1. With a/c under 1.5 counting as rounded, go ahead and sort region 55-189 into rounded, prolate or oblate using the C-alpha gyration tensor (a ≥ b ≥ c being the square roots of the eigenvalues; past the cut-off, prolate if a/b is larger than b/c, else oblate).
2. If packing is taken as the average count of other Cβ atoms within 10 Å, what order do 67-73, 52-58, 129-135 fall into, highest mean first?
3. Please give the FRET efficiency for ALA144 paired with GLU168, using the beta carbon to beta carbon distance and R0 = 25 Å, rounded to the nearest 0.05.
4. If a/c stays under 1.5 just call it rounded; otherwise compare a/b with b/c (prolate if a/b is bigger, oblate if not). Do that for region 101-160, with a ≥ b ≥ c from the square roots of the Cα gyration tensor eigenvalues.
5. Tell me, in nm to one decimal, what length is gained between LEU134 and MET158 on full extension, where the rule is 0.36 nm per residue of separation less the Cα-Cα distance?
6. Give me the distance between the Cα centres of region 98-135 and region 149-189, rounded to whole Å.
7. Could you go through region 169-183 in sequence order and give the Karplus-derived ³J(HN,Hα) for each residue, using 6.51 cos²θ - 1.76 cosθ + 1.60 with θ = phi - 60°, rounded to whole Hz, and x for Gly and Pro?
Amino acid sequence: MDGDDRLEAVDDVLETLETTADRSLTPEDVQALKRAVFEDHDAFTRVLYSDRSYFVIGSYGDEEETRLVAVRDVLDERRSNDHAFLMKEVPEFTTNFALKFHVLVRRVDTVVGVFEHNRGGHEWEAGALSHPPLRKKTWALKRAYDDREAEYAAFDAMIAHFFELLGEEGRLLEWSSEPELRERTESIP
């Protein structure tokens, strides 16, 4: 990624944040964004120069993280120059998290959410991804539950609406076991 690519990434995200943020960006916000793109260069370089890049999001609970890693591995190992990654793998991902997240989701080819429930930050991520330009590149791997009561306990109305939108667009895949999760992941282009 050369300097021009990095500046383009910064400009893309700044423009989007300025039109969608609930407050004006401060000079500190702009500097944080530039640091995220220029200092964490390896993460951003691999996204730009792979044939296909996948950003895998979801819960980092112990059990859930093993499934995130499994999805990442399936996507990463299909073709030699594909690159799949988790937010946790971005250097210092908790520093300027939101800015890094926005840069990455705009630069990757595909965002893949692994949703087992809506506890944690991935519900915020789903909200950000629900806007049409980002939703078009988003796939959801949603855990299926045996009954409606368990489903309602796992997912609230906000994230259920997100699933409904993705389902209408053909990018919602349900799974109930780890082998099924891997199988569904294989069907993501």
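Values quoted throughout were computed directly from the atomic coordinates according to the rules given, and no laboratory measurement underlies them. These figures come from a predicted structure and were not determined experimentally. Cβ placement follows ideal geometry from the backbone for every residue including glycine, while neighbour counts extend to all protein chains displayed.
1. Details: a/c = 1.38, a/b = 1.20, b/c = 1.15.
Note, shape of region 55-189 comes out rounded.
2. On the way: 67-73: 19.7, 52-58: 24.3, 129-135: 14.7.
Most protected by this proxy first, the peptides run 52-58, 67-73, 129-135.
3. Details: r = 18 Å, r/R0 = 0.71.
The formula returns an efficiency of 0.90 here.
4. Working: a/c = 2.54, a/b = 2.18, b/c = 1.17.
In terms of gyration-tensor shape, prolate.
5. On the way: separation 24, 0.36 × 24 = 8.64 nm, distance 1.69 nm.
Roughly 7.0 nm would be gained on extension.
6. Using only Cα atoms to place each centre, the spacing works out to 14 Å.
7. Once rounded to whole Hz, the list reads 9, x, 10, 10, 10, 9, 8, 10, 9, 4, x, 5, 4, 4, 4.
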